[in-house]
Amino acid sequence: MKASVYIETSVFSYLTARPSNDLRAIANQSATSEWWETQRPNYSVFVSDLVISEAGKGHPEAAQRRLAAIADLPLLQISPEVRVLAQALIENHALPPKAEADAYHVAIAVVNGVEYLLTWNCTHVANAHTRPKIEATCRAHGYEPPVICTPLELTED
């Protein structure tokens, strides 16, 4: 059985973006494309309605490319348990109130028992300072948190 991965919106942004002039963005785009082509088949990949909603915003052509990449992926639901955990992540200061959508991404992955949360959001989610707080809050609510990582980190030989 394949390990499960919830892919947060930032990954699709890098996957489908036009080539950038920024060196870090170029590296992230390259790593994301390589992961999508070589590693994705090793996993059961999921998104949510929140990913679809976020991916559909912004420049219409860019949104269309993001939505096309997501189109055939199975959806995880936002249940009442997801809502409770997302609010707990904010109330426990694991994530700031302005990162409510990020709290929902984490909670969706956690409540659905997903093993990995793939993201390029290193400000709030894939961050050495927030990960321990996220993990502690999840465990305090009876859940095992996923491994939060970037495409660079989620590779198999």
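The values are calculated or read from the model by the stated rules, or taken from the named source; none is laboratory data. Values in this document were obtained by computation on a predicted structure and should not be read as measured data. FYI the Cβ positions are ideal-geometry reconstructions off the backbone, even for glycines, and counts take in every protein chain you see.
Please pick out the residue among Ser30, Ser44 that is on the phi < 0 side of the Ramachandran plot and without any contact (Cβ under 8 Å) to a residue 12 or more places away in the chain.
Exactly one residue qualifies, and that residue is Ser30.
Anything in segment 33-57 that is within 21 Å of Ala99 (Cβ to Cβ) and either hydrophobic (A, V, I, L, M, F, W, C) or within 14 Å of the chain's Cα centre (by Cα) (or both)? List them, or say none.
Phe46, Val47, Ser48, Asp49, Leu50, Val51, Ile52, Ser53, Glu54, Ala55
Just name the residue that is farthest from Gln77 (Cα to Cα) out of those in segment 4-25 that are surrounded by 14 or more Cβ atoms within 10 Å (Cβ to Cβ) and of a type in the set (A, V, I, L, M).
Per the stated criteria, the residue is Ala25.
Please state which of the following conditions Thr123 fails to meet, knowing it meets all the rest: (1) closer than 22 Å to Val45 by Cα; (2) surrounded by fewer than 22 Cβ atoms within 10 Å (Cβ to Cβ); (3) of a type in the set (Ser, Thr, Tyr).
(1)
Can you tell me which of Ala94, Ala103, Ala136 is in contact with a Ser or Thr (Cβ under 6 Å, 6 or more places away or on another chain), at pLDDT 95 or above and more than 30 Å from Thr38 (Cβ to Cβ)?
Ala94
If I ask for residues that are among the charged types (D, E, K, R) and without any contact (Cβ under 8 Å) to a residue 12 or more places away in the chain, which ones from segment 107-143 would you list?
Step one: filter segment 107-143 for residues among the charged types (D, E, K, R), giving 115, 131, 133, 135, 139.
Residues satisfying the conditions are Glu135, Arg139.
Quick one: how many residues across segment 26-43 are among the β-branched types (Val, Ile, Thr) and surrounded by 15 or more Cβ atoms within 10 Å (Cβ to Cβ)?
Step one: of segment 26-43, the residues among the β-branched types (Val, Ile, Thr) are 26, 32, 38.
Applying the additional criterion that residues be surrounded by 15 or more Cβ atoms within 10 Å (Cβ to Cβ) yields 32.
Looking only at that region, the number is 1.
Among the residues of segment 15-41, write down those that are farther than 13 Å from Thr150 by Cα and of a type in the set (Val, Ile, Thr).
The answer is Thr16, Ile26, Thr38.
When you check Ala99 against the structure, is it small (Gly, Ala, Ser) and within 28 Å of Arg139 (Cβ to Cβ), yes or no?
yes
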